[in-house]
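Single-structure report; data block below.
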Amino acid sequence: MQTDLRGRDLISTQDWSKEEIETLLDVAWDLKRKRALGEAHALLRDKVLALLFFFTSTRTRISFEAGMAQLGGHAQFIDHTTTQISHGDTAKEIGEIVGRYTDGIAIRQCDWAFGNQYINDVAAASRVPVLNMQCDIYHPFQILADLMTIQEKFGRDLSGKTINISWAYAASYQKPISVPQSLVLLMSRFGMNVRLTRPPEYKLMPDIVEQARENTRRHGGSFEIVEDFDAGFAGADILYPKSWGSWLTTEDEAASADIGAQYRDWITDDRRMALAADNAIYMHCLPADRNIEVTDSVIDGPQSVVYDEAENRLHVQKAAMALTMR
Ligand code: CP
């Protein structure tokens with residue numbers, strides 16, 4: 001068990017060893033149990049975490065704020081529009097200055113080809129840990145919560161389980177690519193058969209796909225890419241169909257929406273769920289475009305674990321904060 005994680009950033013799960021991730025999950029389970037029993041766990045008394053948001057949020061903001069309070073500390077919500085960033089505060093200055101006021105800096109910056117670099121630039125200047133609340137490339141805390149949820153449903157040994165990480169149609173906006181990229185990176189380290197299902201215009205970054213392939217070579221399991229929506233469901237144990245923008249094909253929102261409209265029938269419904277394994281679970285990070293991306297009958301149905309998945313954001317984030325900010 002790796003226990004010396006004090007001061008570490010968490011920007012991508014790839015930056016942490018598998019053993020370190022297993023430590024984080026062990027702590028998350030312990031904190032979940034303590035909360036269920038009403039046991040106090042004020043591990044970060046008097047500590048402060050700055051939450052810097054450049055993008056909207058429901059789950060991430062509320063779970064980080066609640067988590068810091070439950071750990072005995074304080075989380076500062078900072079909407080970037082209320083700061084002087086638009087008047088010149090640089091990433092280096094944010095890292096230097098906010099790092100002197102607080103014990104950790106968490107950032108959501110999802111702008112394509114910018115967000116991850118920004119978070120890394122803040123981290124390079126910060127004396128305190130920097131936590132990635134989602135960027136253009138990664139969404140590590142979502143995927144750690146997803147892994148915790150999958151292990152709750154199927155046990156800690158996931159070898160032989162097939163996860164279908166699939167694109168789905170959505171009309172609301174061109175969503176970041178960070179969730180599928182982080183999913184293929186982390187699930188491929190736990191012996192799973194990783195199936196990435198997407199139309200040709202919805203490729204992930206080649207470097208990420210290569211890292212996922214390398215992970216399966218090292219940790220077992222397999223990696224395949226499928227371009228047929230129904231085929232992605234066939235026999236899978238874990239179904240994770242969600243929309244993302246065609247960022248590698250075009251950065252133009254209107255052009256991307258036109259491409260997506262060709263695939264309006266990529267909606268998760270009961271017929272497709274029946275193609276999967278009998279005890280398959282349905283996952284989604286939320287928010288979902290209901291009855292466009294997934295039918296109500298599936299997302300509200302017996303195979304859906306979306307609320308457990310959302311809850312586990314709280315526990316993995318508390319574990320990461322407790323381990324890195326103590
Ligand atoms: N899944 C997720 O990150 O939710 P929010 O965008 O609401 O934070």
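The values are calculated or read from the model by the stated rules, or taken from the named source; none is laboratory data. Remember, predicted model here, so these are calculated numbers, not experimental data. Reconstructed Cβ throughout: ideal geometry from the backbone, glycine too, with neighbour counts over all protein chains shown. For accessibility, only protein heavy atoms count, side chains too; no ligands or nucleic acids. Shrake-Rupley method; radii C 1.70, N 1.55, O 1.52, S 1.80 Å.
Just need a number here: residues in the range 49-90 that are open to solvent by 30 Å² or more (accessible area, probe 1.4 Å), touching a residue at least 40 places away in the same chain (Cβ under 8 Å) and more than 16 Å from the ligand (Cβ to nearest atom).
Summing the residues that are open to solvent by 30 Å² or more (accessible area, probe 1.4 Å), touching a residue at least 40 places away in the same chain (Cβ under 8 Å) and more than 16 Å from the ligand (Cβ to nearest atom) in the range 49-90 gives 1.
Looking at Gln317 and the list (1) in the same structural domain as Gly235 (by TED's automatic domain parsing); (2) under 14 Å from the mean Cα position of the chain (by Cα); (3) buried (at least 24 other Cβ atoms within 10 Å of the Cβ), which single condition is not satisfied?
Of everything listed in (1) in the same structural domain as Gly235 (by TED's automatic domain parsing); (2) under 14 Å from the mean Cα position of the chain (by Cα); (3) buried (at least 24 other Cβ atoms within 10 Å of the Cβ), Gln317 misses just condition (1).
Among residues belonging to the range 291-314 that are among the polar types (S, T, N, Q) and crowded, with 17+ Cβ neighbours inside 10 Å, point out the one that is farthest from Val27 (Cα to Cα).
It comes out as Thr295.
For the range 237-290, give me each residue that is open to solvent by 80 Å² or more (accessible area, probe 1.4 Å) and either of a type in the set (S, T, N, Q) or in contact with a His (Cβ under 8 Å, 6 or more places away or on another chain) (or both).
Within the range 237-290, Gln262, Asn279 qualify.
Would you mention how many residues in the range 1-48 are buried (at least 21 other Cβ atoms within 10 Å of the Cβ) and small (Gly, Ala, Ser)?
Going through the range 1-48 one residue at a time, the tally reaches 2.
With respect to the numbered conditions (1) assigned by TED's automatic domain parsing to the domain that holds Asn215; (2) open to solvent by 10 Å² or more (accessible area, probe 1.4 Å), which one is the sole condition not fulfilled by Gln134?
Here Gln134 meets the rest and fails (1).
Which one of these is without any contact (Cβ under 8 Å) to a residue 60 or more places away in the chain, in a helix (DSSP H, G or I) and of a type in the set (A, V, I, L, M, F, W, C): Val184, Val179?
Of the residues listed, the single one that is without any contact (Cβ under 8 Å) to a residue 60 or more places away in the chain, in a helix (DSSP H, G or I) and of a type in the set (A, V, I, L, M, F, W, C) is Val184.
Would you check if there is a residue in the range 185-194 being in the same structural domain as Ile94 (by TED's automatic domain parsing), away from the ligand (no atom under 15 Å from the Cβ), charged (D, E, K, R) and in contact with a Lys or Arg (Cβ under 8 Å, 6 or more places away or on another chain)?
no
Does Arg313 qualify as being closer than 30 Å to Arg45 by Cα and modelled with pLDDT under 95?
Taking the combined requirement at face value, the residue does not satisfy it.
Given (1) outside the structural domain of Phe190 (by TED's automatic domain parsing); (2) within 12 Å of the ligand (Cβ to nearest atom), identify the lone condition not met by Asp146.
Going through the list (1) outside the structural domain of Phe190 (by TED's automatic domain parsing); (2) within 12 Å of the ligand (Cβ to nearest atom), Asp146 breaks only (1).
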